[in-house]
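See below for the structure under consideration.
The values are calculated or read from the model by the stated rules, or taken from the named source; none is laboratory data. Quantities reported herein were computed from a predicted structural model and do not represent experimental measurements. Here the Cβ positions follow ideal geometry from the backbone for every residue, glycine too, while neighbour counts run over all protein chains shown.
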Amino acid sequence: MTPDGAADGQCALNQISTLSEKIDTCNQHQMQRSILFASGFAGTSSKNPAAKGLLRKHGRVVKLFNQSRAVSDVVLKRQEEAKVPGHKLLSLVSTVTTRWGNQFSQVSVNNTLRAVIDPTIEAYQRANKGKKDAIVEEDPSDSGNKLGVAVPAADIGLSATDWDESIELEAFLQPAFHIKETIDKKHFLTGAQTVLLMYDLKQSCQDALPLKVLNTPATPTLADRQRTSDTRGSGELGVVVLRSGDAAQSDVVTDEVERWKSLDTSLNQKFIDVETQLLNEFALMYKTKYSCNGTLEEDTDSLGFQTEEMGNQ
């Protein structure tokens, strides 16, 4: 049984005695929850206000695109003027809590269309100088406010610093998004393979590792969508990404982080059949689940299968 992380569902399933040893939280739910913590949107108080603020600026650009027909027409027209064919035109991406991975998608599309977004926003602000209700967004101080709050035209858009931090945030979120897409669309993916994907993700997020970023294109042409890349060392990264790693390891996400850390690169070999080279997925999943609480010894005899040293079958 792999429910989401909601406490009520977890509690209900654990009260069924026959399921007490057969429940594990959905890997994709845990990963998405980590992303929400990393980007500052989860927790009683934001663990990463810098990332949350940056994503809010991206969200305002998208809301203006959605709430102003004139703006959305200009965004598409500027792409057409750059000889982008109709089936390749990009629309800005809205975020929805239940649509996993759209934090990455929104930032990635905005970064790709920076050469369109900047002049469009600047022209809108000149034409609507002093306008106090350019868009309406959710009230961050009152989630029960269904009317939302008005945002003036002057508060929409991103600075050069914001764009620079955005390409770092995009690079930080990209691996998790690709794992999400793999889990969603590769129907042959098994439970044990998702654990290995999570382990690879954890390994690639070490503080000392560099980050490969994709620069924003100089023009909206298709050729420039093949974005050039740079590598930034850990000492060159901005506060948005530096806080993301700490935020993702906070509160309810910590136990999952410890789980992935408990796996080591040689562990998988212990669960591979010598003759067939097939992975004993049940054994690996079981080991992963209990490796953090001391209920399973390093030797795997108690599981009822044979290890490599015993000539596993």
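Residue by residue, here is whether (1) under 30 Å from GLU168 (Cα atoms); (2) out of contact with any Pro (no Cβ under 9 Å at 6 or more places or on another chain); (3) in a loop (DSSP other than H, G, I, E, B); (4) modelled with pLDDT of 75 or more holds:
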site	(1), (2), (3), (4)
ILE23	no, no, yes, no
HIS29	yes, no, no, no
PHE41	yes, yes, yes, yes
LEU64	yes, yes, no, yes
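Restricted to helices (runs of 4 or more DSSP H) entirely inside segment 148-254, those with at least 2 residues that are more than 19 Å from LYS47 (Cβ to Cβ) and either at pLDDT below 75 or among the aliphatic types (A, V, I, L, M) (or both) are 160-185, 191-204.
Considering SER105, SER91, SER45, SER34, which residue is buried (at least 22 other Cβ atoms within 10 Å of the Cβ) and among the hydroxyl-bearing types (Ser, Thr, Tyr)?
Working: SER105 fails: buried (at least 22 other Cβ atoms within 10 Å of the Cβ); SER91 fails: buried (at least 22 other Cβ atoms within 10 Å of the Cβ); SER45 fails: buried (at least 22 other Cβ atoms within 10 Å of the Cβ).
Exactly one of SER105, SER91, SER45, SER34 is buried (at least 22 other Cβ atoms within 10 Å of the Cβ) and among the hydroxyl-bearing types (Ser, Thr, Tyr), namely SER34.
Taking the numbered list (1) within 16 Å of the chain's Cα centre (by Cα); (2) surrounded by 18 or more Cβ atoms within 10 Å (Cβ to Cβ); (3) not basic (Lys, Arg) in turn, ASP200 passes all entries but (2). Looking only at segment 79-104, residues that are under 20 Å from ILE135 (Cβ atoms), in contact with a helix residue (DSSP H, G or I) (Cβ under 8 Å, 6 or more places away or on another chain) and not in a loop (DSSP other than H, G, I, E, B) come to 1 in all. Residues that are without any contact (Cβ under 8 Å) to a residue 24 or more places away in the chain and within 21 Å of GLY238 (Cβ to Cβ) were ranked within segment 107-160; the one that is nearest to the chain's Cα centre (by Cα) is VAL109.
Considered as a group, the residues in segment 114-147 that are in contact with a helix residue (DSSP H, G or I) (Cβ under 6 Å, 6 or more places away or on another chain) and part of a loop (DSSP other than H, G, I, E, B) include one that is farthest from ARG78 (Cα to Cα), and that residue is LYS131.
Taking the conditions (1) over 18 Å from GLY59 (Cβ atoms); (2) out of contact with any strand residue (DSSP E or B) (no Cβ under 8 Å at 6 or more places or on another chain) in turn, LYS132 satisfies each one other than (2).
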